[in-house]
Amino acid sequence: MIVKEEFLNKLRRYFSLNLYEVKIWTALLSRGVSTAGELSDIANVPRSRSYDVLESLEKKGFAVTKLGKPIKYIAVPPEEVLERVKKHMNEQALEKVKRLDELKGTEILDELSALHSQGIDLIEPSDLSGSLKGRHNLYNHLEMMLKNAKHSVAIHTTTQGFLRKAEGLKPVLEKLKKRGVKVRIAAPLTKDCSKAVKELSGLAEIRNSSSKARFTIVDKNELVFMMMDDSEVHPTYDVGVWVNTPFFSNALESMFDLAWKNMKPPGRL
């Protein structure tokens, strides 16, 4: 049986299997019912490992042991495997979230927070900076910054960036609204943005900009600016720089204020 390596790699990623597991599983699927020895030969997996691998696949719900001698294994239909894997992943995720939630208010979290506070006190303000690689990490950091905002947030983004923020950051913006934090968002707005503008209009002041700059300033103190044009880079390769410096943040917000005066509200898109 010849299965392309690319296909095997995809299966490994989607189903969280190791190489031997995915080889034995695809071999079993191709036969329906088979012995460990036969599957070892078909999949080119050492026979000494095939029993362990099949036991693992059985525990994960990919195979069923057939009664009788010699011992044979029956392949579970892929559709059923998919549902089992989804259920198992959900259960694992819920269990991990539950364990992390249990840390709140414990001595462990208090000690971690004390360590962090102690470390931050020893750092020069100019050293509080770093690079953020990948759009997922960028938005995680942006969300953290916004959650800690006390007075103001200034965001300049692209058309697609505006749509992403309307979808991903709306819950945080709602909390900022309740806390009385002033939020301003500027972006090149198109007809595609009309729905997002309506959703955010009560949470932030929005204006139309002709620039494609990408940055966020929080409390004139903390800043993230993106280095790449989001229309030309894959999300995985998006890069941003985070700095915690009032001097630079204040200067950039002053320029944002000047540009803001010349920007117009979205009106009818």
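Restricting attention to segment 213-224, report how many residues are within 24 Å of the chain's Cα centre (by Cα) and more than 10 Å from residue 154 (Cα to Cα).
Qualifying residue count for the region: 4.
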State whether one or more residues within segment 147-158 are surrounded by 21 or more Cβ atoms within 10 Å (Cβ to Cβ) and over 22 Å from residue 254 (Cα atoms). no
Set 189, 203: member being touching a Phe, Trp or Tyr at 6+ places or on another chain (Cβ under 8 Å), in the same structural domain as residue 158 (by TED's automatic domain parsing) and part of a loop (DSSP other than H, G, I, E, B): 189
Could you figure out which of (1) assigned to a loop (DSSP other than H, G, I, E, B); (2) out of contact with any His (no Cβ under 8 Å at 6 or more places or on another chain); (3) over 19 Å from residue 167 (Cβ atoms) isn't true of residue 213? (2)
Return a yes/no flag: does segment 244-267 have any residue that is surrounded by fewer than 15 Cβ atoms within 10 Å (Cβ to Cβ), in a loop (DSSP other than H, G, I, E, B) and modelled with pLDDT of 90 or more. yes
Quick check on my filter: what residues within segment 72-88 are surrounded by 11 or more Cβ atoms within 10 Å (Cβ to Cβ) and without any contact (Cβ under 8 Å) to a residue 40 or more places away in the chain? 72, 76, 80, 82, 83, 84, 87, 88
Residue 176 versus (1) modelled with pLDDT under 95; (2) among the aliphatic types (A, V, I, L, M); (3) farther than 20 Å from residue 263 by Cβ: which is the lone unmet condition? (1)
Are any of the residues in segment 24-38 under 32 Å from the mean Cα position of the chain (by Cα) and of a type in the set (A, V, I, L, M, F, W, C)? yes
For segment 159-173, enumerate the residues that are closer than 21 Å to residue 249 by Cβ and either modelled with pLDDT of 95 or more or in a helix (DSSP H, G or I) (or both). 161, 165, 172, 173
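Does segment 166-184 hold any residues that are under 21 Å from residue 233 (Cβ atoms) and either free of Cβ contacts under 8 Å to residues at least 24 places away in the same chain or surrounded by fewer than 16 Cβ atoms within 10 Å (Cβ to Cβ) (or both), and which are they?
Within segment 166-184, 167, 168 meet the criteria.
The values are calculated or read from the model by the stated rules, or taken from the named source; none is laboratory data. These figures come from a predicted structure and were not determined experimentally. Here the Cβ is made from the backbone with ideal geometry for all residues, glycine too, and neighbour counts use every protein chain on show.
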